[in-house]
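First comes the structure, then the notes that go with it.
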Amino acid sequence: MPTTDSKSTNTALLVIDIQNDFTPGGQLAVPGGDEIVPLVNQLGRTFRHIVVAQDWHPAGHASFASSHAGKQPFDIIQLPYGEQKLWPDHCVQGTPGAALHPALDLPHAQLIIRKGCNPSIDSYSAFMEADRQTPTGLAGYLKERGIDTVYMVGLALDFCVMYSALDARMAGFNAIVLLDACRGIDIDGSMDTAIRRMQEAGVKLIQSSDIAGPALA
Ligand code: VGL
Ligand code: ZN
C-alpha cells in the first residue's frame, strides 16, 4: 500500500455520524462506536481538510418506526423512493442524542454537513438523499475546494459509511474507507454486504496504519 500524504490539499477526511445516539447509551447505539473516537481525533490531525457529517432528523421522521402505525424498529416498509428500513427515533435535531460525541476533537474541521433533514426522505449518504435525486451539496463543496480523494471514517460502516463511500465513487472521487476507524451495526448480514458492495464499486478498504506518516507515529 503506498503511503498517502493526507495533508495534501486534494484530500479530505469525511467523519461520519459520530454522534451520541450512535454510541453506547444512545438510541441506535453501534457496538463499540465510541472506541473509534481517539483514532479519529488522531487521524484528524493529519488532514488539512475535514468535513463532519451529522445525521439530523426532524421529529416524526419517515425513517422512525414510531412514525408508522404498527411498525417496529428494523421492519422494512415501502416509501415513494423504495424500501426503507425503520429505526428507533434517533438524532432528532437539537437533542443531546444528535450532538457530536463529546470526545470528538476536530477543531480545524471546516464544514459540518447535516443530512436526513427532509421529513419524508432518509439520507444515509452524506452526498445524496435516499430518493437518489437530491444532493446534499457535499460533492460540489469538495470539488470547488479542489478535492479529488475522500477518506472516510465513522458510523455505521454498513449504513452511512457504505452509502457515503458508494456515492463518493459515483460523484467521481477516489474513496478510501479506514476500516479500523469505523464500526458497524451488522443486521441481517449487512456488514458482509457492505464490504462486498464497496469493493465492487472501487472503494479502497484499508487500515489507518496504511496511511500512517510521521504525524501519526
Ligand atoms: C445511520 C441508520 C439510520 C448511520 C443513520 O449513521 O449509519 N444508520 N440513520
Ligand atoms: Zn438516521
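The numbers here are math on the coordinates, done by the rules we state, and not lab data. Bear in mind the structure is a predicted one, so any value in this text is a computation, not a measurement. Cβ coordinates were reconstructed from backbone atoms using ideal geometry, including for glycine residues, and neighbour counts include every protein chain displayed.
Listed by chain and number, the lysines placed with their C-alpha closer than 30 angstrom to that of LYS71 are LYS85, LYS115; residues fewer than eight positions away on the same chain are left out. Placing +1 on each Lys and Arg Cβ and -1 on each Asp and Glu Cβ, with no other charges, gives region 68-217 a dipole about its Cα centre of roughly 280 debye. Counted by Cβ distance under 9 Å from LEU138, the other residues give a net charge of 0, where Lys and Arg count +1 and Asp and Glu count -1.
One decimal place: the segment GLU35-ARG196 gains 55.5 nm when fully extended, by the rule 0.36 nm per residue minus the C-alpha distance.
In percent, rounded to a whole number, the relative contact order of region 53-112 is 33, using alpha-carbon pairs under 8 Å and six or more apart. Label-to-label distance, ARG145 versus HIS68, with points set 7 angstrom from Cα along the beta-carbon direction: 3.5 nm.
The packing ranking of peptides 9-17, 143-151, highest mean first, is 9-17, 143-151, where packing means the average number of other beta carbon atoms within 10 angstrom of each residue. Cβ-to-Cβ counts within 10 Å put ARG132, ARG114 in ascending order as ARG132, ARG114, the fewest first. Under the simplified labelling scheme, the ASP180-ARG45 pair shows an inter-label distance of 1.6 nm, with each label point 7 Å from Cα along Cα→Cβ.
Just checking the listed ones, GLY25, GLY82, GLY154: in the Gaussian network model of the chain with Cα springs under 10 Å, the one fluctuating most is GLY82. Taking the chain as a Gaussian network of alpha-carbon nodes connected by springs under 10 Å, the highest mean-square fluctuation of the residues GLY116, GLY97, GLY140 belongs to GLY140. Between LEU79, LEU106, LEU138, the Gaussian network model of the chain with springs among Cα atoms under 10 angstrom shows the greatest mean-square fluctuation at LEU79.
The Cα-based radius of gyration and maximum Cα-Cα distance (Dmax) for the chain are 16.3, 55 Å.
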